[in-house]
1. Which far-off residues, 5 or more places away or on another chain, put their amide H under 5 Å from the one on Val61, with H placed in the peptide plane?
2. So if we plug the beta-carbon distance of His111 and Ser81 into 1/(1 + (r/R0)^6) with R0 = 30 Å, what FRET efficiency do we get, rounded to 0.05?
3. Restricting to DSSP H runs of at least four residues, report the calculated mean residue ellipticity at 222 nm for the chain, -39500 (n - 2.57) per run over all residues, nearest 500 deg cm²/dmol.
4. Taking R0 as 30 Å, what's the FRET efficiency between Ala131 and Asn18 from their Cβ-Cβ distance, rounded to 0.05?
5. Can you work out the FRET efficiency for the pair Ala119 and Arg7, with r the C-beta to C-beta distance and R0 = 41 Å, to the nearest 0.05?
6. Using Cβ counts within 10 Å as a stand-in for footprinting exposure, how do Asp50, Asp23 rank, fewest first?
7. Sort the following peptides by mean Cβ neighbour count (other Cβ atoms within 10 Å, averaged over residues), highest first: 81-93, 7-19.
Amino acid sequence: MGDVLMRYALIVGGVVQNVVEADGGWPGLQAADVAVQTDVAGPGWLWDGDAFSPPAVSAPVPDAVTMRQARRALHAAGLLSGVEAAIDALAEPEKTAARIEWEYSSEVQRHNGFVEQLAPALSLSEAQLDALFVAAAAL
C-alpha cells in the first residue's frame, strides 16, 4: 500500500472533465482522451496539449445600466449615431415614447420594450445586445 497518489486531470476534447487522485497504474486513466498530472487544474479548465488554463469567466448580463454607460458603450461600438436614426424611423406613437425613453431615462433596462425595438434597427443580435450591456456595465 506504499503507492504514492498523484492528482490527474481527465481531459476529453481539450477540457478537464474530472480530477482524480490515483497511482499511475489506475485503469480509469485510460478512459479519458488524456490524463495529465496536475496540481492546479480542475473541472472546466482547458488543456491545449502543453499547458492548462482556467475557464473563461463570463460576466453576467446586467438587468440595467445607466444612460451614461449605455451611451459610452454605444459610442465605443460605433452605434451611438444610429440610435437617433433608429428612433426617427419608428412610427408614432412608438417614436415619441422611444424619444422620451432615450432623452429622459436615467437607466436602460435590458428587457425594456424600447431596447427590444431598437436592437434590430441597429442590427444587434440578442448575443450582441447582451455583450453591449456587459461592456456598458464595465464603464
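1. When sequence neighbours closer than 5 places are left aside, there are no close amide H contacts.
2. 0.75
3. Helix contribution divided over all residues of the chain: -11000 deg cm²/dmol.
4. Values: r = 31 Å, r/R0 = 1.04.
That gives a FRET efficiency of 0.45.
5. Working: r = 47 Å, r/R0 = 1.13.
For Ala119 and Arg7, the calculated efficiency is 0.30.
6. Working: Asp50 5, Asp23 12.
Going from least to most buried by this count: Asp50, Asp23.
7. Order by mean packing, descending: 7-19, 81-93.
Bear in mind that the values in this text are calculations on the coordinates, not laboratory data. Just so it is clear, the model here is predicted, and its values are computed rather than measured. In this analysis, Cβ positions are derived from the backbone assuming ideal geometry, glycine residues included, and neighbour counts consider all displayed protein chains.
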